[in-house]
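The values are calculated or read from the model by the stated rules, or taken from the named source; none is laboratory data. No experiment lies behind these values; they were computed from the predicted model shown. When we count neighbours, we look across all protein chains shown, and the Cβ atoms used for this are built from the backbone with ideal geometry, even at glycine. Ligands, DNA and RNA are excluded from the accessible area calculation, which covers all protein heavy atoms including side chains. Shrake-Rupley method; radii C 1.70, N 1.55, O 1.52, S 1.80 Å.
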Amino acid sequence: MRSPHLTVSLMMLACCVLAGALAGCSLTRAAIPTPTPTFTPAPTASAGWELVRPGIEQRMDTIPGGGLLSARAVIVRLDPAQVSFQIAYRPGEPLSLNDWRAALPGAAVIVNGGFFDETSRALGLVVSEAQSFGQSFSGFGGMFQVTDAGPRVRSLVSEPYQGEPLWHAVQSFPMLVEAGGVAAPRGDGFDVPARRTVIAQDGAERILLILTPLSEVTFSAMQDWLLSSDLDVRIAFALDGGRSTGMLIDYPDNPDDVYAAFDRLPSVIAVFPR
């Protein structure tokens, strides 16, 4: 059963913040076409999945805490053959989820993006409508990207960004599952509990958005669960978490689900029905 409206204010994720201002630059491209992915459409919702719209499914799950209380997770599964993705970015002008909804009419799902500094500028590279901002992470983290071939979750550890053109992209860290479904190395902060937002891709090329909006969980527990669940996760990394964790799901004929972020967000990932 779908959860009711929720407004939460929990403790902020403790993490190391990368310093430095992010400069913007533009990619010289023609008018942006709608990518034509080659993915096979996903089947109708099953195995506990609730169909939100064609190509958008939701379900709840429990992440064992490894000594902590178990965390309740919200999972949204997205079929790239039936939805499109956009990264929206307002450097220095963060918005609440409700304000982002007003700025992105027609979006069926909106979720928080990556980490940002005290001036509300994203850490790492952000690409929105083929316009590039900031510098790519090197040797760590992951990237969610949209190109002519469609959306993809990518490890910047095993596949560094080489400056290739992108329609949309957002970077964050740490990697949790490396390409092929292999556990990423654990580092500092993996045993610190916080609210989490994770983006992943499964064996059918579907994109997974996973949140623990009311519960705190460690990266270690999240990683173990990702690899042992029935989600068939092949690659995954963490988006911003803590006070930034938030998602809005728009049901066409029912009230929205709103898992509110405590902080305003300079970047979000938006999902649109085709």
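Heavy-atom accessible area for Thr147, with the other protein chains in place and a 1.4 Å probe, reaches approximately 30 Å².
If the chain linking Val182 and Glu164 were pulled fully straight, counting 0.36 nm for each residue of separation and taking away their Cα-Cα distance, it would gain 3.9 nm. Given a 1.4 Å probe and the protein chains as shown, Glu164 ends up with an accessible area of around 60 Å². Counting only protein heavy atoms and a probe of 1.4 Å, the accessible surface of the range 143-198 is 56% carbon and sulfur.
For the range 192-256, what does the accessible surface come to per residue with a 1.4 Å probe? Please give it in Å².
With the other protein chains kept in place, the range 192-256 gives 27 Å² per residue.
For the peptides 251-261, 124-134, residues were scored by their other Cβ atoms within 10 Å and the scores averaged per peptide; the highest-first order is 124-134, 251-261.
What the Cα convex hull of the range 155-274 gives, in volume per residue, is 144 Å³. Extending 7 Å from Cα along the Cβ direction at Asp253 and again at Asp191 yields two label points whose distance is 5.1 nm. The length gained on full extension between Arg59 and Asp230, counted as 0.36 nm times the residue separation minus their Cα-Cα distance, comes to 60.3 nm.
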